[in-house]
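Presented below is the structure to which this report refers.
The values are calculated or read from the model by the stated rules, or taken from the named source; none is laboratory data. Note that the coordinates shown come from a computational prediction; the quantities given were computed from them, not determined experimentally. Note that each Cβ is placed from the backbone with ideal geometry, even for glycine, and that neighbours are counted across all protein chains shown. These area figures cover heavy atoms from the full protein model, side chains too; ligands, DNA and RNA do not enter into them. Shrake-Rupley method; radii C 1.70, N 1.55, O 1.52, S 1.80 Å.
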Amino acid sequence: MSEVRPAGLMRLTSLGLLLLGLTFGALFLEEPGTVSMRPQVVTELFVALLALAVVVYLLAVHLVLGSALPSRAVWIVLAIGLLARGILLPAPPFLSSDIYRYVWDGRVQQAGINPYRYVPADPSLSRLRDTSIFPLINRAAYARTIYPPAAQMVFALVVRISGTVQAMKVAIVGLELAGLYCMMRLLVMAGLPRERILIQAWNPLVIWSFACDGHVDGVAIGLIGLALLARSQRRAGLAGGLLAAAALVKFLPVALAPALARGVPLWRPILTGLVVVVIGYACYASAGHYVLGFLPGYSSEEGLSGGSGFWLLAGLARLGRLPPWSGTAYIVVVAAGLALLGFWIARGTQRLRDVPRPADDVVLLCRNAAILAAAVTVAISPHYSWYFAWLALPCVVAPVPAVIWLSSAPVLLTLDPFNERFIWPSLVYAPALILAVIAFRRRRSARYVLAATLKGTC
């Protein structure tokens with residue numbers, strides 16, 4: 001075991017203070033009331049500071065993974081993480097106006113109206129308009145809400161208490177911190193150093209996405225953390241219900257289902273999950289087919305239905321004109337690939353039903369969750385940075401280098417210097433693919449070495 005070195009604690013503290021300084025510096029570039037509309041030079045400077053924060057973060061991750069730190073290091077990690085969030089919580093949203101829709105949807109429900117029924121600009125909702133929320137709602141004139149039922153329930157609950165942006169941010173950060181607490185529990189179960197919670201707590205993309213902009217993904221992260229904890233405690237039905245609830249906040253977490261299927265009767269999580277989904281949509285069924293909200297329109301608007309929004313197809317399009325069916329073909333191939341990956345993980349882990357130690361079971365669960373989360377996110381290749389924030393959570397227990405990179409580097413996507421979907425996003429995706437290939441080759445080499453060793457001893 002590595003010797004505990006107090007000098008490592010000093011380096012950790014220094015990196016934490018530097019992270020806080022960069023957070024302060026970036027916050028000073030915020031212009032109240034602009035909501036992502038600011039001079040280009042300000043945006044570029046802001047992204048530069050966030051990129052430096054990511055470098056500091058990655059150095060800190062390397063430190064906690066590669067050094068034996070004193071047990072009190074976890075308190076420094078938590079203090080810095082909470083301070084960074086506390087710095088940003090009072091600030092108005094900086095990079096996105098999505099949170100204004102959350103408050104609006106909650107207000108609509110408080111008035112006894114189904115939030116999927118009308119666009120915000122509909123005359124039927126005119127009595128709910130004000131000067132602080134309504135003018136800042138994006139797509140107010142043509143888009144019904146896109147957020148699924150569990151997210152709507154959270155919006156309604158928060159607005160019932162306080163219909164302010166700050167209250168919504170506090171609730172979302174609180175649920176994200178609930179996910180953080182769950183990962184602390186899993187670290188203890190896995191017998192791993194608790195300071196690894198830094199992988200989530202210090203991630204600049206996570207901090208800014210939730211503490212500043214209040215994205216609803218923080219709610220999903222809290223539910224995913226609870227689902228992973230329930231699954232580690234062999235409470236399969238509860239885990240399935242919690243994961244379904246996370247998917248009803250943002251659809252992507254459904255990709256984690258195969259990871260939770262390991263070593264448990266499949267009918268329990270499936271049945272519980274289906275019950276949660278049915279109840280969730282039944283609560284808003286009065287909107288009829290509009291209960292899907294703006295999801296179909298969003299897919300078209302972001303170039304997903306036609307294929308132009310996918311990073312890989314955008315790269316191929318630079319080599320020549322793609323046929324009109326390329327988007328459909330991509331979706332079919334990716335869906336099949338994700339299904340095979342999920343089947344391989346679920347089937348492969350089923351053979352590991354008798355895992356030697358519960359600690360190994362926890363690590364394997366989180367590793368599979370990290371791989372599945374990264375695979376589905378890269379497949380849809382979103383150009384909004386906060387879509388990647390959920391990837392850090394399972395890496396707390398199972399730190400996959402490529403996934404850690406994907407959970408932080410997308411701060412670069414705040415810029416779009418070339419107004420296209422391949423060259424600039426390649427700064428995020430290309431290094432991740434390289435890291436994944438390196439990890440795969442090392443893992444395969446380790447298996448060959450182990451197999452040769454076992455053969456030599458027989």
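In table form, for the structure just shown:
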{"item": "Lone qualifier among Val103, Val74, Val119 - being open to solvent by 10 Å² or more (accessible area, probe 1.4 Å), in contact (Cβ under 8 Å) with a residue 12 or more places away in the chain and either under 20 Å from Tyr387 (Cα atoms) or not polar (S, T, N, Q) (or both)", "result": "Val119"}
{"item": "Ser385 being in contact with a Pro (Cβ under 6 Å, 6 or more places away or on another chain) and among the polar types (S, T, N, Q)", "result": "yes"}
{"item": "Ile380 touching a residue at least 40 places away in the same chain (Cβ under 8 Å), open to solvent by 40 Å² or more (accessible area, probe 1.4 Å) and within 14 Å of the chain's Cα centre (by Cα)", "result": "yes"}
{"item": "Subset of the stretch 38-67 (residues that are open to solvent by 70 Å² or more (accessible area, probe 1.4 Å), under 23 Å from the mean Cα position of the chain (by Cα) and of a type outside the set (A, V, I, L, M))", "result": "His62"}
{"item": "When residues of the stretch 387-421 are limited to those that are within 18 Å of Leu175 (Cα to Cα) and among the small types (Gly, Ala, Ser), the one surrounded by the most Cβ atoms within 10 Å (Cβ to Cβ)", "result": "Ala392"}
{"item": "Residue pairs meeting the criteria (Cβ under 9 Å; at least 6 apart or on separate chains; first farther than 14 Å from Ile199 by Cα, in the stretch 170-182; second in a helix (DSSP H, G or I) and of a type in the set (Ser, Thr, Tyr))", "result": "Ile172/Tyr102"}
{"item": "Matching residues, the stretch 306-321, being at pLDDT 85 or above, open to solvent by 40 Å² or more (accessible area, probe 1.4 Å) and among the small types (Gly, Ala, Ser)", "result": "Ala317"}
{"item": "Only listed residue being hydroxyl-bearing (Ser, Thr, Tyr), modelled with pLDDT under 95 and under 27 Å from the mean Cα position of the chain (by Cα), chosen from Ser97, Ser132, Ser71", "result": "Ser97"}
{"item": "Any pair with Cβ under 9 angstrom, 6 or more apart, that starts in the stretch 313-339 at a residue that is assigned to a loop (DSSP other than H, G, I, E, B) and ends at one that is at pLDDT below 95 and among the acidic types (Asp, Glu)", "result": "Arg318/Glu420"}
{"item": "Flag for Gly174 being open to solvent by 20 Å² or more (accessible area, probe 1.4 Å), at pLDDT below 95 and not polar (S, T, N, Q)", "result": "no"}
{"item": "Residue satisfying condition, being under 24 Å from the mean Cα position of the chain (by Cα) and surrounded by fewer than 12 Cβ atoms within 10 Å (Cβ to Cβ), within set Ala370, Ala375, Ala346, Ala336", "result": "Ala336"}
{"item": "Top-ranked residue of the stretch 8-37 - restricted to ones that are open to solvent by 40 Å² or more (accessible area, probe 1.4 Å), modelled with pLDDT of 80 or more and not hydroxyl-bearing (Ser, Thr, Tyr), ranked as farthest from Trp202 (Cα to Cα)", "result": "Phe28"}
{"item": "Selection within the stretch 423-447 - open to solvent by 60 Å² or more (accessible area, probe 1.4 Å) and of a type in the set (Phe, Trp, Tyr)", "result": "Phe440"}
